[in-house]
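The structure appears right after this line, and notes come after that.
The values are calculated or read from the model by the stated rules, or taken from the named source; none is laboratory data. These numbers were taken from a predicted model, which means no experiment stands behind them. FYI the Cβ positions are ideal-geometry reconstructions off the backbone, even for glycines, and counts take in every protein chain you see. Surface accessibility is based on the protein's heavy atoms, side chains included, excluding ligands, DNA and RNA. Shrake-Rupley method; radii C 1.70, N 1.55, O 1.52, S 1.80 Å.
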Amino acid sequence: MRNILITGGAGFIGSHVVRFMVGKYPDRRIVNLDKLTYAGNPANLRDVENSPNYTFIKGDICDYELVCRIIRDHGIDGIVNLAAETHVDRSILDPLVFARTNVMGTLTLLQAARDCWNGEWSGKMFYHISTDEVYGALPLDGGAFDETTRYDPHSPYSASKASSDHFVRAYHDTYGMPTLISNCSNNYGAYQFPEKLIPLTINNIRHRRVIPVYGRGENIRDWLHVEDHARAIDLILHSGRAGETYNIGGNNECRNIDLVRMLIGAADRMLGRSEGESLSLITFVEDRAGHDLRYAIDSSKLQRELGWQPAITFEDGIERTVRWYLDNEEWFDSVTSGEYMLYYDKVYGNRR
Ligand code: NAD
Ligand code: TYD
């Protein structure tokens with residue numbers, strides 16, 4: 001494989017994957033196709049934007065002509081699809097945009113790759129990044145999703161991701177396209193848009209705004225550091241078996257309320273506030289509709305077959321993440337634009 005198209009590379013996970021691959025493969029072209037929605041930010045890639053092996057193209061994965069032109073012009077033989085609408089709460093407010101980008105966008109990419117590669121599959125790979133949310137929810141008292149778990153999505157977001165996964169498998173089974181899918185748990189780390197729990201909490205601590213915790217904060221997520229994820233994506237792209245699915249998890253199950261308290265402990269210390277000062281910001285709010293109780297990932301297949309292990313401990317990862325956001329306040333300010341604050345007020349009713 002020579003030249004790689006990464007879609008959604010200006011977003012949170014995509015920017016880490018672009019940075020990783022631009023650094024690791026100086027003799028390959030890494031092309032980033034991103035529409036720059038509210039979640040895409042070229043500032044996430046400032047440090048690599050002038051690298052000679054990196055090309056950024058602003059555009060939509062639903063644009064078939066554009067995708068074909070990119071595949072042909074840049075001799076693309078590997079595609080890593082990270083472009084998506086990703087926030088569950090937004091999918092509840094506006095599901096259609098999720099179907100458009102996540103379903104039709106993925107299908108457009110598949111069809112463009114099929115037409116451009118024209119049955120010459122040797123050295124080609126279409127790798128789709130999915131989520132553990134397609135598997136539904138687990139009970140509190142045990143179990144974990146593996147690659148054979150039946151799909152059972154509950155939100156418009158997870159339903160759209162499930163649908164795109166099915167199309168990817170259909171292109172493998174029907175046309176013989178070499179495809180890969182990985183389903184990962186919640187990522188955390190630098191450059192995540194502050195509508196997601198961790199950066200939202202840190203940003204609100206910084207501004208002494210209320211921290212909205214849905215329900216009683218008892219829902220559990222399994223947290224994966226984004227740099228461990230980027231490494232897993234590179235490994236799967238180059239060593240995964242075509243047609244296979246790999247689950248990627250961090251082995252860090254945590255209740256939301258415990259995570260928020262951890263973040264407050266670290267942030268208050270770093271900001272020089274008295275211990276626990278920001279605990280009073282915690283505000284229990286109405287639960288998310290259809291809120292999945294617990295996610296947990298069994299990534300033993302990835303460990304067994306490809307030798308991947310998460311390298312960053314949760315404690316260290318959280319410490320580094322809080323430090324990064326507090327050291328990069330101008331990044332927070334630049335992404336929390338007027339448009340974002342309008343959305344924030346709509347969801348949280350002006351509770352600042
Ligand atoms: P993100 O919301 O931070 O970024 C998404 C990127 O896609 C943005 O740069 C946006 O501009 C771009 N984009 C959106 N619509 C587009 C379109 N039509 N054409 C081109 N670009 C478009 O998302 P993320 O958190 O980095 O997630 C990346 C992928 O990983 C997604 O597919 C998501 O479903 C999956 N995933 C994320 C997590 C997580 O915890 N963040 C967990 C599991 C799976
Ligand atoms: P989120 O970061 O939106 O990721 P996902 O919904 O994909 O898991 O939310 C993580 C968890 O935190 C989820 O259980 C919902 C909860 N949550 C809150 O309690 N308050 C918030 O303000 C947000 C954004 C999420």
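The table below lists the values:
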| quantity | calculated |
| --- | --- |
| Pairs with Cβ under 8 Å, 6+ apart, first in segment 120-131 and touching a residue at least 40 places away in the same chain (Cβ under 8 Å), second surrounded by fewer than 21 Cβ atoms within 10 Å (Cβ to Cβ) and polar (S, T, N, Q) | none |
| Residue in segment 204-217 that is touching a residue at least 40 places away in the same chain (Cβ under 8 Å), within 15 Å of ligand 1 (Cβ to nearest atom) and either in contact with a Pro (Cβ under 6 Å, 6 or more places away or on another chain) or outside any helix (DSSP H, G or I) (or both) present | no |
| Where residue 140 falls short, out of the listed (1) hydrophobic (A, V, I, L, M, F, W, C); (2) out of contact with any strand residue (DSSP E or B) (no Cβ under 8 Å at 6 or more places or on another chain); (3) under 30 Å from residue 211 (Cα atoms) | (2) |
| Among residues of segment 277-335, those that are part of a helix (DSSP H, G or I) and either within 16 Å of ligand 2 (Cβ to nearest atom) or more than 20 Å from residue 193 (Cβ to Cβ) (or both), counted | 23 |
| All positions within segment 93-151 that are crowded, with 19+ Cβ neighbours inside 10 Å and among the aromatic types (Phe, Trp, Tyr) | 98, 117, 126, 127, 135, 145 |
| Considering residues of segment 22-57 that are open to solvent by less than 20 Å² (accessible area, probe 1.4 Å) and part of a loop (DSSP other than H, G, I, E, B) only, the residue nearest to residue 1 (Cα to Cα) | 53 |
| Residue that is out of contact with any strand residue (DSSP E or B) (no Cβ under 6 Å at 6 or more places or on another chain) and within 16 Å of ligand 2 (Cβ to nearest atom), where the choices are 63, 94 | 94 |
| Failed item in (1) more than 13 Å from ligand 1 (Cβ to nearest atom); (2) out of contact with any helix residue (DSSP H, G or I) (no Cβ under 8 Å at 6 or more places or on another chain); (3) within 30 Å of residue 176 (Cα to Cα), with residue 104 passing the rest | (1) |
| Number of positions in segment 174-192 that are open to solvent by 20 Å² or more (accessible area, probe 1.4 Å) and touching a residue at least 40 places away in the same chain (Cβ under 8 Å) | 4 |
| Filtered residues of segment 263-282 (kept if aliphatic (A, V, I, L, M) and either touching a residue at least 24 places away in the same chain (Cβ under 8 Å) or open to solvent by less than 30 Å² (accessible area, probe 1.4 Å) (or both)) | 263, 264, 266, 267, 270, 271, 281, 282 |
| Unique residue being within 27 Å of residue 39 (Cβ to Cβ), buried (at least 19 other Cβ atoms within 10 Å of the Cβ) and away from ligand 1 (no atom under 16 Å from the Cβ) when the list is 322, 285 | 322 |
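A quick yes/no check of all residues on (1) more than 10 Å from ligand 1 (Cβ to nearest atom); (2) closer than 17 Å to residue 292 by Cβ; (3) hydroxyl-bearing (Ser, Thr, Tyr):
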| site | (1), (2), (3) |
| --- | --- |
| 126 | yes, no, no |
| 135 | yes, yes, yes |
| 140 | yes, yes, no |
| 162 | yes, yes, no |
| 180 | yes, no, no |
| 194 | yes, no, no |
